[in-house]
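The next block holds one structure in the form of structure tokens; read it before the comments.
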Amino acid sequence: MAIALLRTQVNPFDLKTVLLAKHAQHVVLIHFPIALFIAAVAFDLIAHWTKRHGLADAAYYNLLTAAISTLPVLVTGILAWQYQLDGQKLKGILLLHLILACVSSGMIWLVWWVNFRARRRAEALPSYRL
């Protein structure tokens, strides 16, 4: 009996099982853009106060990584909706969740773009950047 139970358990070290599971990726990935954006804001504020360019660089790369990480978060969120709710029409809190997710992702990309333009032109960042 115990041997039969061991054979039916999922191997946690099987990469295919972990990456292709029909749940949990969105829940895990959502924390990355949030934390990276908060860290970018903190680095940017400290860089602004101390005039240290290294911290401004750290803020820029955190913003870039946060922006890029919004893409898999949005994709896994939509896939979770399709798998868990069978593509039902969204309403209420879930619709608000989707709208705010798209708006916040767009805003993260916008903040990165403002920083990108300022870095490319080698000019000071505008005060409205964050």
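Listed by first and then second residue, the pairs linking a residue in the range 93-106 that is under 18 Å from Ser69 (Cβ atoms) to a residue that is part of a helix (DSSP H, G or I), with Cβ atoms under 7 Å apart and 6 or more places separating them unless they lie on different chains, are Ala101/Leu74; Ala101/Gly77; Ser105/Thr70; Ser105/Leu74. If you filter the range 80-106 down to residues that are surrounded by 14 or more Cβ atoms within 10 Å (Cβ to Cβ) and small (Gly, Ala, Ser), you find that the one that is nearest to Val27 (Cα to Cα) is Ala80. Remark: Ala42 matches the filter, which requires a residue to be small (Gly, Ala, Ser) and without any contact (Cβ under 8 Å) to a residue 24 or more places away in the chain.
Rundown of residues vs (1) within 15 Å of Cys102 (Cα to Cα); (2) modelled with pLDDT of 90 or more; (3) loosely packed, with under 13 Cβ neighbours inside 10 Å, yes/no style:
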{"site": "Gln25", "(1), (2), (3)": "no, no, no"}
{"site": "Leu36", "(1), (2), (3)": "no, yes, no"}
{"site": "Ala42", "(1), (2), (3)": "no, yes, no"}
{"site": "Asn62", "(1), (2), (3)": "no, yes, no"}
{"site": "Thr70", "(1), (2), (3)": "yes, yes, no"}
{"site": "Ile78", "(1), (2), (3)": "yes, no, no"}
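The values are calculated or read from the model by the stated rules, or taken from the named source; none is laboratory data. Note that the coordinates shown come from a computational prediction; the quantities given were computed from them, not determined experimentally. All Cβ positions, glycine included, derive from the backbone under ideal geometry; neighbour counts span all protein chains shown.
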